[in-house]
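These notes concern the structure reproduced below.
The values are calculated or read from the model by the stated rules, or taken from the named source; none is laboratory data. Because the structure is a prediction, the values reported are computed rather than measured. Cβ placement follows ideal geometry from the backbone for every residue including glycine, while neighbour counts extend to all protein chains displayed.
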Amino acid sequence: MTAGVQDQIVRGSGVAEYILETEGLTKEFRGFVAVDGVKLSVRTGTIHALIGPNGAGKTTCFNLLTKFLQPTRGTIRFSGRDITGLSPAAVARLGLVRSFQISAVFPHLSVLENVRLALQRSRGNSFDFWRSERVLHRFDARARELLADVGLSDYVNHTAVELPYGRKRALEIATTLALDPPMMLLDEPTAGMTHEDVDRVVALIRRIRGGRTILMVEHNLSVVEGLCDTITVLTRGRVLAEGDYASVSRNPEVMTAYLGDVDG
């Protein structure tokens, strides 16, 4: 999706152009600056990637955005609201959800039961394991829909611990989708996967993006190239470059940063 088309969609719908913005985002650890004055603007309805060599500050930045870390300086705004001082749970309730952050995946429950519990939680109910089967089964139809969305229809009765690694990641995404978040943050969604699993997860992300904004940290540059509208390159905690994959990949400074560390 081009920036021009995206602008038309956003302006025509009355939705804010940017759903997530940071200004001067900085994190210091005893004098070491891990994230240094990062300005980030994520357009509503796009897939945006954070990439960079090892030690660039990507994970620290993600932890700041989801409030697992508090910034030393700077501000974070989500849907026009300053969320800099909020807790991780409060940020998640607003709809900024990190996949695998609050998705309750229980290894010894079935795939269907896991998604059903996430749906139960998304509707403001506690995890009432002692409730009657009749009450719990009212979530089954929607749970099966979500499992179909992530390609797990054939696994509904499997115990979560039995799933191959790639399928487990799909289950985690399904439990996150149960919360119906307007924005998802995916932290290295294809890490440690076989080529087959990578292809499956890429197809899954494409399938679930409709009406939703996705920000992802990803080491696999071929995944970034095929999925992402905008790419922000970090190095040594600072923004080095930003743009689409074609422009970023031709940037001499980006090429230098990745020299000898092409896979990030």
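Annotation note: of Ala257, Ala203, the sole residue that is at pLDDT below 95 and closer than 15 Å to Leu50 by Cβ is Ala257. With respect to (1) of a type in the set (D, E, K, R); (2) assigned by TED's automatic domain parsing to the domain that holds Leu25; (3) out of contact with any strand residue (DSSP E or B) (no Cβ under 8 Å at 6 or more places or on another chain), the lone exception for Arg73 is condition (3). Filtering the stretch 19-45 down to residues that are charged (D, E, K, R) and over 20 Å from Cys228 (Cβ atoms), which residue is surrounded by the fewest Cβ atoms within 10 Å (Cβ to Cβ)? The selected residue is Arg30.
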